[in-house]
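Participant: This structure is in structure tokens; I'll ask about it shortly.
The values are calculated or read from the model by the stated rules, or taken from the named source; none is laboratory data. Please read these numbers as outputs of a predicted model, since none were measured by experiment. Every residue, glycine as well, gets a Cβ built from its backbone with ideal geometry; the counts of neighbours run over all protein chains shown.
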């Protein structure tokens with residue numbers, strides 16, 4: 001049976017004129033993640049988004065690459081924050097700004113992600129960070145701050161994380177190890 005969530009996202013992208021393979025995300029790593037951890041998170045986020053038909057090209061900004069914003073609607077900017085902003089809800093792990101300027105900026109708050117997964121051995125910060133990245137980019141793709149099901153649900157609690165860890169939910173990493181078919185939200189019950 002076709003994955004209805006993935007088909008809906010692909011249809012939405014075609015209606016807005018966005019081609020899945022043309023999405024570029026400039027990544028500003030203000031948190032200074034280790035290269036391996038950053039690459040793992042981006043690979044996982046690409047896999048999650050890929051399940052919905054969105055192919056991402058990541059451009060990590062820094063010393064070797066200078067990122068310049070443009071008016072291209074296929075360009076998004078993701079900041080990996082090293083601090084918790086005071087004007088964002090305490091429970092939030094990230095945020096997106098689909099209604100500001102070009103509507104192409106999102107952020108993941110790395111210290112909050114680390115605190116969120118603390119005490120749950122087996123799931124890495126990179127896995128949860130990937131889910132946060134995919135969630136926030138989803139807001140930008142749909143140009144909305146509304147929430148839905150799966151990866152797009154509004155609140156993730158430690159119980160949700162515990163379900164992921166118990167094996168009832170599978171990330172891309174664990175799917176490659178032991179899980180079978182995965183739904184378009186990037187997570188599914190095993």
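Participant: Just to be sure I understand, how many residues within the range 76-108 are closer than 15 Å to residue 30 by Cα and surrounded by fewer than 16 Cβ atoms within 10 Å (Cβ to Cβ)?
Facilitator: So the answer is 4.
Participant: Could we say that residue 131 is within 15 Å of residue 45 (Cα to Cα), surrounded by 20 or more Cβ atoms within 10 Å (Cβ to Cβ) and at pLDDT below 95 here? First the steps, then the outcome.
Facilitator: Numbers: within 15 Å of residue 45 (Cα to Cα): yes; surrounded by 20 or more Cβ atoms within 10 Å (Cβ to Cβ): yes; at pLDDT below 95: yes.
Yes, satisfied.
Participant: Can you find a residue in the range 140-156 that is surrounded by fewer than 24 Cβ atoms within 10 Å (Cβ to Cβ), over 16 Å from the mean Cα position of the chain (by Cα) and modelled with pLDDT under 90?
Facilitator: Within the range 140-156, not a single residue is surrounded by fewer than 24 Cβ atoms within 10 Å (Cβ to Cβ), over 16 Å from the mean Cα position of the chain (by Cα) and modelled with pLDDT under 90.
Participant: If you don't mind, another one. Just a yes or no: is a residue in the range 109-126 surrounded by 14 or more Cβ atoms within 10 Å (Cβ to Cβ), assigned to a loop (DSSP other than H, G, I, E, B), modelled with pLDDT of 85 or more and touching a helix residue (DSSP H, G or I) at 6+ places or on another chain (Cβ under 8 Å)?
Facilitator: no
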